[in-house]
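Peer 1: Supplied in C-alpha cells, the structure appears directly below.
The values are calculated or read from the model by the stated rules, or taken from the named source; none is laboratory data. Everything numeric here is computed off the predicted structure, so don't read it as measured data. All Cβ positions, even for glycine, are placed from backbone atoms using ideal geometry, and neighbour counts span all protein chains on display.
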C-alpha cells in the first residue's frame with residue numbers, strides 16, 4: 001500500500017495460500033482445513049495422487065510411479081494428460097481453488113494485474129484460462145473485466161523473488 005509492504009503486526013499478511021476455499025476441505029501444511037494450499041499446492045497434489053494410487057483409482061499415475069517417477073504435482077499432471085480421469089479431477093479442483101482465490105483477491109483488492117507463479121502455474125497454461133473463468137464467474141464485473149492475469153517471469157524462483165521487497169525494506173531500515 002502506497003509503495004510499502006503490508007505484513008501486519010505478526011508479519012503474516014499476504015499468505016494467500018492460507019485463504020479458505022472449502023469449508024471442510026483437506027488440511028494444509030499448517031493443519032488448517034480448506035485452504036487453497038491444502039488443495040492446490042504441489043504437496044497437496046502429491047498427497048492426493050498418492051491416495052489415488054492406494055485406492056487403485058489412478059492407473060496412469062501408478063504406472064508412472066512404478067517406473068521410478070516420484071509422486072509429485074508433475075506426475076499427477078502427466079497422468080492427467082495421459083488420460084487418468086482421477087488425476088484430471090485433482091488438477092481441475094486445484095485450478096478451480098486457485099481461480100476462486102484469485103476472484104476473492106479481485107473483489108478485495110481490485111488489482112490491475114494478477115501474476116501467477118510457482119510449480120503448477122509454470123507448467124499449465126490452461127490454469128490461466130480457468131482463473132479467468134473463475135474471476136469472471138465470482139468477482140465483481142468491472143474489476144473482473146479489467147484485471148489482467150499473466151504468468152510470472154521468474155518460474156519456480158517466484159518465491160525467492162517475492163522475498164526481495166521485504167529484504168530490501170528491512171535492509172533499508174523500513
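Peer 1: Which is at pLDDT below 95, over 15 Å from residue 58 (Cβ atoms), in contact with a helix residue (DSSP H, G or I) (Cβ under 7 Å, 6 or more places away or on another chain) and not in a helix (DSSP H, G or I), of 127, 114?
Peer 2: Checking each option against the conditions leaves just 114.
Peer 1: So in segment 19-36, with the set limited to residues that are farther than 19 Å from residue 46 by Cβ and without any contact (Cβ under 8 Å) to a residue 24 or more places away in the chain, which one is surrounded by the most Cβ atoms within 10 Å (Cβ to Cβ)?
Peer 2: Going through the qualifying residues, I end up with 20.
Peer 1: Quick check on this structure: which one of 31, 38, 68 is modelled with pLDDT of 95 or more and not in a helix (DSSP H, G or I)?
Peer 2: 68
Peer 1: Output the residue which, of all residues in segment 71-93 that are surrounded by fewer than 22 Cβ atoms within 10 Å (Cβ to Cβ) and assigned to a loop (DSSP other than H, G, I, E, B), is nearest to the chain's Cα centre (by Cα).
Peer 2: Among residues in segment 71-93 that are surrounded by fewer than 22 Cβ atoms within 10 Å (Cβ to Cβ) and assigned to a loop (DSSP other than H, G, I, E, B), the one nearest to the chain's Cα centre (by Cα) is 72.
Peer 1: Could you please give the count of residues in segment 48-62 that are without any contact (Cβ under 8 Å) to a residue 40 or more places away in the chain, in contact with a helix residue (DSSP H, G or I) (Cβ under 9 Å, 6 or more places away or on another chain) and surrounded by 14 or more Cβ atoms within 10 Å (Cβ to Cβ)?
Peer 2: So the count comes out to 9.
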